[in-house]
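I have placed the structure first, in the form of structure tokens, so that the comments after it can refer back to it.
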Amino acid sequence: MPASYAYLGPEGTFTEVALRTLPEAATRELIPYVSVQSALDAVRAGEAEAAFVPIENSVEGGITTTLDELVAGTPLMIYREVLLSITFALLVRPGTKLSDIKTVTAHPAAQPQVRNWLRTHLPDALWESAASNADGARLVQEGRYDAAFAGEFAAARYGLEPLETGIHDAENAQTRFVLVGRPARPAAPTGADKTSVVLWQRDDHPGGLRDLLGEFATRGINLMLLQSRPTGAGIGNYCFCVDAEGHISDRRMAEALMGLKRICLQVRYLGSYPRADVQPGEVRPPFPGTSDEEFVGAADWVARCQDGRF
């Protein structure tokens, strides 16, 4: 496997900035790809060791392109996550004034984060989506658009000027990025971990989602993300992307996954990995008996009963 990481490019994306915060990035060749799909496909094809892509932001939730790529196709696995605070700059060619801007561009995930700013300052500007924020800057450099929302750090790379900086509709906005590789044994638990899975119901019935969530709730496992995605099998057919506190080696998480495997049509395990915020999960009341120690003790009791040692 080549010692390289693919990432959503071109150079100058927030994805690249977040990737460079990983210590191991200094020892890998970092290769930009034109889309999330192509970066993940590079891993599937063995052209890259891992891919680094955005998966969630604090304004709009899950990045559907990434979620859909992880739901479908050859299975991949999440190994790390990074949180990056996001503010945008409005990048323009030198000499451009705000009154000159008729067209703007950026990645689709950027639009909800600058929508109110646009309404106030550029109400008549036409929005066009780009493959990434840095790609939008490149298109401005080429004259395709008048302005792009991107990181201020991308201005010099594309010969542009930041006309406005510090643009964001929501204070403390963050984007979550994940390092994705081919399936292997997950890293050892740290005590502050997250497990990601995709769940498919066997059929559509009243309380179906409750049945899935109950496997977590009765074991005191907190969910951190729950997002439905269409399966492509017709209107009303969805699978569910879930992030839950804990590690697959935790007894309560393992039992929850076993319960889901019994009742679901399909379960896709996306990995157990350290939380970027380093916050340990907590067993929440009112569910006594949901600590790992209590699960282990109950399992030992059953084993003793089976051996006639009760």
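With a 1.4 Å probe rolled over the protein heavy atoms of all chains, the accessible area of Lys102, Lys194 falls in the order Lys102, Lys194, largest first.
Please give the FRET efficiency for Asn222 paired with Lys102, using the beta carbon to beta carbon distance and R0 = 41 Å, rounded to the nearest 0.05.
On the way: r = 47 Å, r/R0 = 1.15.
E between Asn222 and Lys102, to the nearest 0.05, is 0.30.
Taking the accessible area of segment 220-276, probe 1.4 Å, and keeping the other protein chains in place, the carbon and sulfur fraction comes to 53%.
A 1.4 Å probe over all protein chains sorts Thr120, Thr66 by accessible area into Thr120, Thr66, starting with the largest. Taking the chain as the reference, fit the longest principal axis to its C-alpha atoms, fit the long axis of helix 111-121 to the helix C-alpha atoms, and give the angle between the two in degrees, 0 to 90, nearest 10. Tilt of helix 111-121: around 30 degrees. Note on Cys305 and Lys261: their simple-model spin labels are 2.2 nm apart, each label 7 Å out from Cα toward Cβ. Comparing Ala89, Gly246, Gln279 along the charge dipole axis of the chain, the residue lying farthest to the positive side is Gly246, per the Cβ-charge model. Within the accessible surface of segment 65-217, defined with a 1.4 Å probe on protein heavy atoms only, the carbon and sulfur portion equals 48 percent. Close amide H partners of Thr231, meaning residues 5 or more places away or on another chain with modelled amide H under 5 Å apart, are Asn237, Tyr238, Cys239. Every pair of different Cα atoms in segment 129-241 enters the Kirkwood calculation, which places the hydrodynamic radius at 18.9 Å. Just tell me which aspartates and glutamates come within less than 12 Å, Cα to Cα, of Lys97; anything on the same chain fewer than 8 places away is out. Straight-line reach from Lys97, under 12 Å: Asp146, Glu161, Glu164. Counting only protein heavy atoms and a 1.4 Å probe, the chain has 48 square angstrom of accessible area per residue. The GNM of the chain, with springs linking C-alpha atoms under 10 angstrom apart, assigns the highest mean-square fluctuation among Ala130, Ala298, Ala254 to Ala298.
Considering all C-alpha pairs of the chain, those separated by over 24 Å amount to 59%.
Loop only per DSSP, at most 12 neighbouring Cβ atoms within 10 Å: give me the GluC sites (Glu not before Pro) in segment 220-310, ordered by residue number.
Values: sites: Glu245, Glu255, Glu282, Glu293, Glu294; in loops: Glu282.
Answer by residue number: Glu282.
Of Val278, Val197, Val71, the residue with the greatest mean-square motion in the GNM of the chain, using alpha carbon springs below 10 Å, is Val278.
Once you order the gyration tensor axes a ≥ b ≥ c over the Cα atoms, which shape class does segment 16-64 get: rounded for a/c under 1.5, otherwise prolate or oblate by comparing a/b with b/c? Because a/c hits 1.5 or more and a/b fails to exceed b/c, segment 16-64 counts as oblate.
The values are calculated or read from the model by the stated rules, or taken from the named source; none is laboratory data. Only a predicted model underlies this, so the values are computations on that prediction, with no experimental measurement involved. As a convention, Cβ positions derive from the backbone with ideal geometry for all residues, glycine included, and neighbour counts pool all protein chains shown. Just the protein is used for accessible areas: all its heavy atoms, side chains included, with ligands, DNA and RNA removed. Shrake-Rupley method; radii C 1.70, N 1.55, O 1.52, S 1.80 Å.
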